[in-house]
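The structure appears below as structure tokens.
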């Protein structure tokens, strides 16, 4: 198992290229199950979750090759089973459920795993697919689904679930008749999936709004598509500029999709602007505390909560973070406090009082975004920080230590 050793206290200066979005690439890769012909998908990040997905797709009968950020997928004779050994490490693997039912009318998918940040049930996925004519059984940790042919339906989601919206969107693309998804997730990654499906011949309207209308088609064809840039990776690097007092230029930064994050960072004293070369980010004279409440898009993303909390640790005054999405997403707090932060948690609320400095310490990563917050804190801390269990980090950030070292960081990867 690897760890990152960080010598902090160096302002980061230079240019960083933002990678393709993992959370857009994963559903797009699973959507290749729906196609009748080969597809070429570019700007795919080189991440553990991506390679796990490719292994699963190959096992399901959709042959995939990855090279230099491009996936060539060739759907063939599909098999229905997504085994536990692959699914247990990655929650997004449940996204093969809708496409398999739409293409071959059956699926046997292990209940998913992933980060331990709270309960993320798949009941909305199953209820929606049942409305479209599927039936399900739970057996020995597997979801068993069957249908003759999915039919369009009017589906009102209990909450704007991203994964549920994506699964139903893919299933509806080949369903008979029209499907309307109400209270749908509006995240940019959902929009990117819809745009990919449209590029393959799907008839979809309203993506990016709470009401999506899908008219099913008999077949979807292949083609070429480029995945959107990763807004969470970009947001993490914006925070890196602020927490180190440096200046970073982000190329391919999805500026509009980061509006809620950028507004908060500006309110804390950061200067962030668009230029012809990319998005320029620097810290002003002083960092100020702020209050943050995580919300579904277009609100402040839960996937940026841990990172902005690391920045708030060094801001003047006191700020409050309200986590409204996941009930168990403050596991980084104890580790930040080990580095000298002053954070107190009560239920879904964290109170952060800024300190003059953070001090390097051995810390343990508990999930993907918690890992990022500890790396950010280590970049700003005096002394040496060891971030352990970074396999979480490798699930969501492509070559993060290489990118940060290229702009002045002092990070090395070691075996624990």
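Does region 285-295 include one or more residues that are closer than 15 Å to residue 242 by Cα and at pLDDT below 95? Checked region 285-295: at least one residue is closer than 15 Å to residue 242 by Cα and at pLDDT below 95. In region 58-68, the count of residues that are farther than 15 Å from residue 223 by Cα, part of a helix (DSSP H, G or I) and in contact (Cβ under 8 Å) with a residue 40 or more places away in the chain is one or more. For region 165-178, filtering for residues that are crowded, with 20+ Cβ neighbours inside 10 Å and in contact with a strand residue (DSSP E or B) (Cβ under 9 Å, 6 or more places away or on another chain) leaves 8. Can you spot a residue in region 235-249 that is in contact with a helix residue (DSSP H, G or I) (Cβ under 9 Å, 6 or more places away or on another chain), closer than 27 Å to residue 183 by Cα and either in contact (Cβ under 8 Å) with a residue 24 or more places away in the chain or crowded, with 24+ Cβ neighbours inside 10 Å (or both)? Yes, region 235-249 contains a residue that is in contact with a helix residue (DSSP H, G or I) (Cβ under 9 Å, 6 or more places away or on another chain), closer than 27 Å to residue 183 by Cα and either in contact (Cβ under 8 Å) with a residue 24 or more places away in the chain or crowded, with 24+ Cβ neighbours inside 10 Å (or both).
For region 19-42, what are the residues that are surrounded by fewer than 24 Cβ atoms within 10 Å (Cβ to Cβ) and in a loop (DSSP other than H, G, I, E, B)? Selection gives 36, 37, 38. Here 294, 290, 279 are screened, and the one residue that is within 15 Å of the chain's Cα centre (by Cα) and in contact (Cβ under 8 Å) with a residue 24 or more places away in the chain is 294.
Of the candidates 359, 385, the single residue that is crowded, with 18+ Cβ neighbours inside 10 Å, touching a strand residue (DSSP E or B) at 6+ places or on another chain (Cβ under 7 Å) and at pLDDT 95 or above is 385. Being buried (at least 19 other Cβ atoms within 10 Å of the Cβ) and over 21 Å from the mean Cα position of the chain (by Cα) holds for only one residue in 75, 112, and it is 75. Note on region 205-222: residues that are outside any loop (DSSP other than H, G, I, E, B) and either modelled with pLDDT under 95 or surrounded by 22 or more Cβ atoms within 10 Å (Cβ to Cβ) (or both) amount to 3.
The values are calculated or read from the model by the stated rules, or taken from the named source; none is laboratory data. Quick caveat, the model's predicted, so the values are computed rather than measured. Cβ atoms come from the backbone with ideal geometry, glycine included; neighbour counts cover every protein chain shown.
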